[in-house]
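**Q** Before I ask anything, here is the structure I am working with.
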Amino acid sequence: MSTGASIKAFEEAQQLIPGGVNSPVRAFKSVGGTPIFITEGEGAYLTDVDGNKYVDFVQSWGPLIFGHRDESIEAAVIEAVKHGLSFGAPTVAETELAKLVVSFFDSVDKVRFVSSGTEAVMSAIRLARGFTGKDDIVKFTGCYHGHSDSLLVEAGSGAVTFGNPSSPGVPADFTKHTLLATYNDIESVKKCFADSSDIACIIIEPIAGNMGLVPADKEFLAELRKICDANGALLIFDEVMSGFRGSLHGAESITGTSPDIITLGKVIGGGMPVGAFGARAEIMSQLSPDGPVYQAGTLSGNPVAMAAGYAALSKLQKNGQIMSVLNARALRLVEGMKAAATECGITMQIDTRGSMFGFFFNEKPVKNFADACNSDAELFAKFHSGMLDEGFYFACSLYETGFISTAVTDEMIENTIQASAKVFKAITNG
Ligand SMILES: *Cc1c(COP(=O)(O)O)cnc(C)c1O
């Protein structure tokens, strides 16, 4: 496989863009080698600047649940573009997407649209603080909630990949209000509440996808709900990744625990930049212009982005079976890879939720971030590069989740498993 054009493109990009990328997770730092520069996507495939083709299990880090260039999303975007790119005034498209989003989630009466997951979470935290009149927040080590100041503490994903659990440039005065707890460990949460009587909210990825895939235990989420209720704190489910991916109706539909606020992103924009946060009316009424909690955005609710999101979500709504079909493929993929690994004496931990899949090269089950960090990073790097050579594009960090799109066929899954067997054999033979 030749990657000369990608190498050249990366060199040029590095002259002008820090690290050659506009989001650090794209940089291939932890797996070595050069990021692949993409020219186009079509269905399940990506094509790079050297003309190599890959089956894509990254899906733009989640958004593209129908694969690249889905016909109905593309048509909706083109139609919207013809009417104007942005108005800075309300459009009916926003109400239509809001109606659709609200219909998916039991705990949401109203939503506000923003342009990224980071903005959605940042605004949800402000809303929780404004609603409760309290300042502290509890977050879990290894959960990522975007790159805003108070949330960039032990944040998993890109941050850990680069060895900066927290970032310079974030004043300690800001992060002192962020209390850290351990995922799936209720005692660590109780300790936060013992230490502070000023906790506005607990924020959690109910299906963590930014330390690899690590779903929260049902009982753990139920306990969080109880602790929040007992202490006048709100429970925020950050479903920017898991929303419309882990299940169609949110983590609450599969865990039985309802959040007070939910944050969304990725799939909700169908590939365009959209984020959202929603809650029951009582909470959302605190938001300006109804209430005093300020939040705004020049391009929020952008008509082209709304059209893409509407096309994606309405297609999901019309195809209720999608999630179980995608889950069967996700499960087959990780089970097949695990069997291939076992044959080579490699131990793999695997899990799936809906269209999300995760795997760790780890002797023990992974329940939290410390467990995830005990995985074999060197083996992952070899696996990643071997699979890339075979034409399979996996996320370039062991702390990421994989995604199945509807464009990925059963045959592609079988081919991926066969390729993994070949790669594991090559790794263990030398
Ligand atoms: C991706 C992600 C974010 C941040 O979203 P951006 O659109 O990248 O700003 C926040 N929370 C979770 C759980 C995410 O996976």
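Laboratory data are not the source of any read-out in this text; all were calculated from the coordinates shown. These figures come from a predicted structure and were not determined experimentally. Neighbour counts run over all protein chains shown; Cβ positions are idealised from the backbone, glycine included.
**Q** If the chain between D389 and I78 were fully stretched, how many nm would it gain, using 0.36 nm times the residue separation less the Cα-Cα distance? Kindly include the intermediate steps, with their values, before the conclusion.
**A** Working: separation 311, 0.36 × 311 = 111.96 nm, distance 3.50 nm.
Answer, rounded to one decimal: 108.5 nm.
**Q** Which residues make up the longest stretch of the chain clear of trypsin sites (Lys or Arg not before Pro) that lie in a DSSP loop with no more than 12 other Cβ atoms within 10 Å, not counting the sites? If you can, show how the numbers build up before the last one.
**A** Numbers: sites that count: K82, K176.
For trypsin sites (Lys or Arg not before Pro) (loop position, at most 12 other Cβ atoms within 10 Å), the longest site-free span of the chain is 177-430.
**Q** Now, a different point. Between E223 and C344, what is the label-point separation in nm under the 7 Å Cα-to-beta-carbon projection?
**A** 3.8
**Q** Among L234, V21, P292, whose Cα sits farthest toward the positive end of the charge dipole of the chain (+1 at Cβ of Lys/Arg, -1 at Cβ of Asp/Glu, about the Cα centre)?
**A** So the residue we want is P292.
**Q** Note down, for the chain, the three equivalent ellipsoid semi-axes (square root of 5 times each alpha carbon gyration tensor eigenvalue), biggest first, whole angstrom.
**A** Numbers: eigenvalues 219, 140, 85 Å².
Computed over the chain, the values are 33, 26, 21 Å.
**Q** Could you compute the FRET efficiency for K99 and E282, with r as their C-beta to C-beta distance and R0 at 22 Å, rounded to 0.05?
**A** Working: r = 19 Å, r/R0 = 0.88.
With a Förster radius of 22 Å, E is 0.70.
**Q** Please determine, in degrees from 0 to 90 and to the nearest 10, the orientation of helix 303-318 with respect to the longest principal axis defined by the Cα atoms of the chain, where the helix direction is its Cα long axis.
**A** Taking the Cα atoms of the chain, the angle to 303-318 is about 80 degrees.
**Q** Stretched out fully, how many nm does the piece from E414 to T34 gain, at 0.36 nm a residue minus the Cα gap?
**A** Details: separation 380, 0.36 × 380 = 136.80 nm, distance 2.72 nm.
That works out to 134.1 nm of additional length.
**Q** While we're on this one: Can you tell me the relative contact order of region 71-318? Whole percent, Cα pairs under 8 Å, sequence separation 6 or more. Walk me through the intermediate numbers first.
**A** Numbers: 494 pairs, mean separation 73.3, N = 248.
Normalised by residue count, the contact order of region 71-318 is 30 percent.
**Q** Stretch S148-S167 to full length: gain in nm at 0.36 nm per residue minus the Cα-Cα span?
**A** Going from the current span to full extension adds 5.8 nm.
**Q** Where does the charge balance sit around V170 when Lys and Arg score +1, Asp and Glu -1, over other residues with C-beta under 15 Å from its C-beta? Working shown, then result.
**A** Values: positive: K139, K176; negative: D149, E154, D173.
Net of charged neighbours comes to -1.
**Q** Can you give the relative contact order of the chain as a percent, counting alpha carbon pairs under 8 Å and 6+ residues apart? Mind showing how you got there, number by number?
**A** Details: 885 pairs, mean separation 93.6, N = 430.
For the chain, the relative contact order is 22 percent.
**Q** Continuing with this model, one more query. Roughly how tilted is helix 377-389, in degrees to the nearest 10 and between 0 and 90, from the longest Cα axis of the chain?
**A** Once rounded, one gets 60 degrees.
**Q** Next up: Within region 257-328, which chymotrypsin sites (Phe, Trp or Tyr not before Pro) sit in a loop by DSSP and count at most 12 neighbouring Cβ atoms inside 10 Å? Numbers along the way, then the final one.
**A** On the way: sites: F277, Y294, Y310; in loops: Y294.
Hits after loop and neighbour filter: Y294.
**Q** Right, next: Return the calculated 222 nm mean residue ellipticity for the chain, to the nearest 500 deg cm²/dmol, obtained by summing -39500 (n - 2.57) across DSSP H runs with n ≥ 4 and dividing by the residue count.
**A** On the way: 15 runs with 172 residues, N = 430.
Calculated from helices alone, the mean residue ellipticity at 222 nm is -12500 deg cm²/dmol.
**Q** If you take every residue apart from P292 with its C-beta less than 12 Å away from the C-beta of P292, what net charge results, scoring Lys and Arg +1 and Asp and Glu -1?
**A** Numbers: positive: R126, R129; negative: D290.
Net of charged neighbours comes to +1.
**Q** OK, next. Can you spot the lysines whose alpha carbon is less than 17 Å from K134's alpha carbon? Ignore those fewer than 8 places along the same chain.
**A** K134 reaches K176.
**Q** Continuing with the same structure: Which parts of region 47-70 would a label at A426 reach, counting a residue when its backbone N lies under 17 Å from a point 7 Å out along Cα-to-Cβ?
**A** 52-55, by backbone N distance to the label point.
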